Each structure stands twice: as C-alpha cells, then as structure tokens.
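This report concerns only the one structure given below.
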Amino acid sequence: MPTDLTAALADVRTLLLDAPNLSRAVAAGRRKGLEPPAAERVEVRPVALKNGPHLQFTARTGPVVSTRNVPVADAGAAVDELLAEPYGNLHVETASEVVQVRVTKKGDAQVHRAAAEHAAGPARHDKAKQRLVDPDDPVFRVLGAGGDKRRQVEAFVRQLAPLAPTVLSRDGERVRAVDLGCGNAYLTFAAHRWLGQAARERGKELVTVGVDVREDVVATGLKAAREAQLAGLEFAVGSIAGAEPFTGARPDLVMALHACDTATDEALARAVRWGSPLVLAAPCCHRDVQRQLHENRTALVRHAILRERFADVLTDALRSLVLQVLGYKVEVVEFIDSAHTPRNAMIRAVRTGAPRGSRLADLLAEYDDLTRTWGVEPALARMLAPELERVRQAAL
Ligand SMILES: C[S@@+](CC[C@H](N)C(=O)[O-])C[C@H]1O[C@@H](n2cnc3c(N)ncnc32)[C@H](O)[C@@H]1O
C-alpha cells in the first residue's frame, strides 16, 4: 500500500546513518515526470578508513564513476543531499533487513521490507562483499556443486555484471532470463540471485527459467528453488531447440554454460531467433566441426590433439562471425582460469542490429573464406540457414 514519501525517506535516512548495521544502499531510477537525478545510480557503503568509519558514496553515470568518503559523524548532510535527488528507487540492506522504497507515479512511496537473507557476522560479511556469488550458499550443497563449479559460476556472473544494464535498463518491469542446458542449475541459481537483486534495485522483477532435456535435473532444480523460497525461478523440461520459456515474450538474457557440442549452437540460434539483447555462452566440447575436419590431412589438423584444439578455435570463430552477421556485437573471452575448467572460453554477444554495406560484406567474405578453406559448415550456420540467406540476399 502506498505511504507518505517524506516518512519513508526519513526512515531510509535513519538506516543510512546507522553505519554499524548498514550493509549497502543503492539509489537508482528516476521519478516519473521529473528531471533525472545528478547521477544515474549512487551506491552507499560503510567503510573503515584509517581515520575512522566513513560512508562511501559511489556515483555512476554511464561509464563515469566518482567516489567520496564522508565521516559517519558528518554524513547527515550528504545523506540528505542524496535523498533530495529525485530517485525512483531506494534499496537499503542492513544486517537484519532489506528495505525497498519505490516512488509511485503519484509521488507516494511503495515500501517493501524483508528479513535479510543472511544475517552474518563480520567475517562472513566481508567475504560476501568481495564475491558476486556466495560460495557458501546452501543451495550449492543441495545441488551438489563442487569448488570448481562454484568458481565457474562466480566467473560467469562476473562476466554478466558489467553487461547487466543491457537488460536492466530496458522498458518494462519484468526482466526475463533463461539458462539453456541448465543441468544441475548452479548457474541458474547464482545468476538468478545476483541479477534478481540488481533488478530489484531498479524496481524490476526477474524471472529466470532453467531448461534441460533431463527430467531428473529439472526436478532437482525445482525442489531446490522451492526450498530456497526463491521467487521468479522456474524450470522446464525440453530441448533447447524447442524451448519457449516465456509465452509470447522473448528472453532478455540467454545463458548457456557448457551446453554439450551443438547444444551451444542451439542456444545461440534460439537467442538469435528470439532477438535477445544479451547472450552469454561458454561452450563445451566442439565435435561437430572436429568431425568435419577428420579427412583433412594438412599439418594443422592431422594429429587428433591438434585437430581437437583447432576445431575449438575454428568453431568459436565461425560462431562469432555468424552472430555478427546476424546483428550482434561479439567478444570471445577467457572467463575463468583454465585450472578450473579447460572449457574456459565465453562468447559474449550484445544485440546491436544488423550490419550493413561494406561491414556486412567483409563479415560474409571472412566467413566464406574460412568455411571454404577448411571445408566445413558449422552447426550454427545450418540452424540459422534461412536467416543467413536473407542477409545474403539483402547484401546483394
Ligand atoms: C555439461 S552439462 C552442463 C550443465 C550446466 N549448465 C553446468 O554448467 O553445470 C550440459 C547439460 O545440457 C543438457 N543438454 C544437452 N543438450 C541439450 C539439448 N539439446 N536441449 C536441452 N538440454 C540439453 C544436458 O542434459 C546437460 O544437463
């Protein structure tokens, strides 16, 4: 029920100035019909400096970040200044509760209070601050995730974090994410927790769906989601190629972690057909292109180990070109040290719209040159043949 905004802001002020109990707070979003605040987003944290406890204000506008530290004893004015800005959403985490204030169209406050998920001692609190994913999250025990998997999931979410505005800054109150080939759903849970929090800070809700062909892993995921009482986390049994996680709406974020062989291509093809704005895929084995190179006797691929490694590189290079031709800006990066998984490449793709003119011609020429030279047709191109043909026709 909407309440008086002045009273809600006074409440937030008290929480911000109670530094020993404050974990963090975020002011973001703009109020309907008002000029935007001075900074897009301000995060407030208590920090212990040599000269005593301070509140740290980190303001971000686009890529510009500025930080100032104010002694807690003198922080009243800085907090008042922040709360005078016309932010649409305020999110405060303390040791015992999470308070969210959303300013309604009429200028009232919609206040939501919940108990803190982890009431933690100082040591655990410091540790949680450095990580995006809590490695001690009880759900990992329920799902049976070992240390390497937890690190992979942390590293995956770290790649997601700087790109999250791509999906969070879109219109609409609901953000949709899908984890294709979710398996035991370690990533599904971790990404849902992190992105869900980021969405709530912007007054949005996140719905995440994990998809897998295996009924048993989907049942385990569902059970763990119910036990953890995680709102907005769902699972579906089915093939990636036929996945329709959100009736009538496209996923904003498509994730795939180690979806075997061409299951990664199915995930990428699905994302392209949905027109999803953000895709993060860490591929697994690459047998499709490897098989096609089998008859090739050139030195680069004559020996099995070299063929395997070269096929990895060629497959991801061709995937990257196909995605670029079909309207994505693509980067292929190492998302985690190879000590934790040999499958440590990630394709990060942000939808930008189809390239045109000489840029498109260059991409197609590069793709044709590579596929002709190596005599391969990658799975992703087979799956997206109609889309690629349309682009080729348009480029003529
Ligand atoms: C290597 S596991 C990775 C699981 C999880 N993403 C992770 O990193 O822990 C690959 C998962 O993809 C699923 N999978 C493979 N091909 C699939 C397809 N075509 N459609 C749906 N799921 C598929 C498998 O059942 C398996 O659970």
May I ask you to say which residue of 134, 80, 126, 108 is at pLDDT below 80 and acidic (Asp, Glu)? 126
Filter region 297-336 down to the residues that are among the small types (Gly, Ala, Ser) and within 24 Å of the chain's Cα centre (by Cα) and list them by number. 317, 320, 327
State all residues of region 24-53 that are touching a residue at least 60 places away in the same chain (Cβ under 8 Å) and open to solvent by less than 50 Å² (accessible area, probe 1.4 Å); if no residue qualifies, say none. 24, 25, 26, 27, 28, 29, 31
Scanning region 255-311 for residues that are β-branched (Val, Ile, Thr) and not in a helix (DSSP H, G or I) gives 262, 279, 298
Every residue from region 210-224 that is hydrophobic (A, V, I, L, M, F, W, C) and touching a residue at least 40 places away in the same chain (Cβ under 8 Å): 224
How many residues does region 204-241 contain that are within 11 Å of the ligand (Cβ to nearest atom), surrounded by fewer than 18 Cβ atoms within 10 Å (Cβ to Cβ), outside any helix (DSSP H, G or I) and not hydroxyl-bearing (Ser, Thr, Tyr)? 6
Quick one: residue 358 ticks every box in (1) surrounded by fewer than 17 Cβ atoms within 10 Å (Cβ to Cβ); (2) modelled with pLDDT under 95; (3) in a loop (DSSP other than H, G, I, E, B) except a single one, so which number is it? (3)
State whether one or more residues within region 340-347 are buried (at least 21 other Cβ atoms within 10 Å of the Cβ), touching a residue at least 40 places away in the same chain (Cβ under 8 Å), assigned to a loop (DSSP other than H, G, I, E, B) and assigned by TED's automatic domain parsing to the domain that holds residue 175. no
Subset tally (residues that are over 23 Å from residue 349 (Cα atoms) and not hydroxyl-bearing (Ser, Thr, Tyr)) for region 207-247: 25
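The values are calculated or read from the model by the stated rules, or taken from the named source; none is laboratory data. Given the structure is predicted, the values throughout are model-derived calculations rather than measurements. All Cβ positions, glycine included, derive from the backbone under ideal geometry; neighbour counts span all protein chains shown. The accessibility values were calculated without ligands, DNA or RNA, using every heavy atom of the protein model including side chains. Shrake-Rupley method; radii C 1.70, N 1.55, O 1.52, S 1.80 Å.
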